[in-house]
Amino acid sequence: MPKPLNVFTKDTLTRKELFYIKKNVSRENFATWLTDNFRAIRCYHAGRPIDLTTYFEHGLRPNNLNQALESFHNFLKTVNYVGKIDVQETVELFKGKSDRFVYVILDKYDFIDQAPHYWIYGSEFMLCLAQNTAYHLKDDLKKIGTPTIFTCDLPFDLINNSELISLYDRIKDTNGTFNQMLNDIFSNYTIIIENNISPHCIIAHEHPTERVQDFHAGGYYQNSMVYCEACQPS
């Protein structure tokens, strides 16, 4: 049997496929049905990387908290911060989470209207370190790195079946118009990966320029960088 070529994604899931799942696919067989009909599931990850080439060379990896702490202390030197520094509470909050997992979502638009802070400030770990050290420091995080959203096609063997079962439950519970059902299924859905995500899974990246609400500072934020070295047209 040839391997399927299609990708399971909000943008291409058809009405026929959606209603077939609702009517004919059982909870126990959903993961098998997916792998029989699709080669991957499309996901998105956002950040503010200083060096994008590390993503294209090494993929998406859990946060190395020690390296992140070193980067934070270097950041404090660049902004000439001389106040009190206490990182222990933040480290304990993130230990066993961001240093163990990679988090991706199924609806790219969530990074625009619900969670733009990932590309406004960078990692939540750095944002928490900055805010817990001195609240104003988060403004300086906006001055480093490149706001970026990565598009990834993840093979199903990277994903725990429990993640897929939860997705099935969403599909079965949806009602309304087709577009409403797509939004209910894919929006605000996070998949947790307990592995590195290979650079081969990254199929595209972009630098969002939409004017978005900055929930951490109030007001709005708009990125003006459209291209980076990795996407600069010739």
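The values are calculated or read from the model by the stated rules, or taken from the named source; none is laboratory data. Keep in mind that this is a model prediction, so the values were computed, not measured. Cβ atoms come from the backbone with ideal geometry, glycine included; neighbour counts cover every protein chain shown.
Reported count of residues in segment 168-194, each being under 17 Å from the mean Cα position of the chain (by Cα) and on the phi > 0 side of the Ramachandran plot, is 1. Taking ASN175 as the residue in question, decide whether it is more than 17 Å from TYR121 (Cβ to Cβ), free of Cβ contacts under 8 Å to residues at least 12 places away in the same chain and outside any helix (DSSP H, G or I). Criteria met by ASN175. One residue alone among THR9, THR54 is within 16 Å of ASP184 (Cα to Cα), hydroxyl-bearing (Ser, Thr, Tyr) and under 22 Å from the mean Cα position of the chain (by Cα), and that residue is THR9. With respect to the conditions (1) closer than 23 Å to PHE156 by Cβ; (2) at pLDDT below 95, PHE8 lacks only one, and its number is (2). For segment 169-179, the criterion of a residue being modelled with pLDDT under 95 and in contact with a Phe, Trp or Tyr (Cβ under 8 Å, 6 or more places away or on another chain) is satisfied by no position.
Across segment 61-92, which residue is modelled with the lowest pLDDT among those that are among the hydrophobic types (A, V, I, L, M, F, W, C) and in contact with a helix residue (DSSP H, G or I) (Cβ under 7 Å, 6 or more places away or on another chain)? Selected residue: ILE85. Scanning segment 65-86 for residues that are over 23 Å from the mean Cα position of the chain (by Cα) and either assigned to a loop (DSSP other than H, G, I, E, B) or surrounded by 16 or more Cβ atoms within 10 Å (Cβ to Cβ) (or both) yields a count of 10. For segment 151-172, the criterion of a residue being touching a strand residue (DSSP E or B) at 6+ places or on another chain (Cβ under 9 Å), farther than 24 Å from ARG100 by Cβ and outside any strand (DSSP E or B) is satisfied by no position. Given the conditions (1) over 20 Å from HIS117 (Cβ atoms); (2) more than 25 Å from the chain's Cα centre (by Cα); (3) touching a residue at least 40 places away in the same chain (Cβ under 8 Å), which single one is not true for GLU28? Just one mismatch for GLU28, condition (3).
Would you check if SER234 is modelled with pLDDT of 95 or more and of a type in the set (Ser, Thr, Tyr)? No. Taking the criterion of being among the hydrophobic types (A, V, I, L, M, F, W, C) and buried (at least 18 other Cβ atoms within 10 Å of the Cβ), the residues of segment 87-108 that qualify are PHE94, VAL102, VAL104, ILE105, LEU106. For segment 14-60, a residue qualifies if it is outside any helix (DSSP H, G or I), surrounded by 13 or more Cβ atoms within 10 Å (Cβ to Cβ) and small (Gly, Ala, Ser), and the qualifying residues are ALA40, ALA46, GLY47, GLY59.
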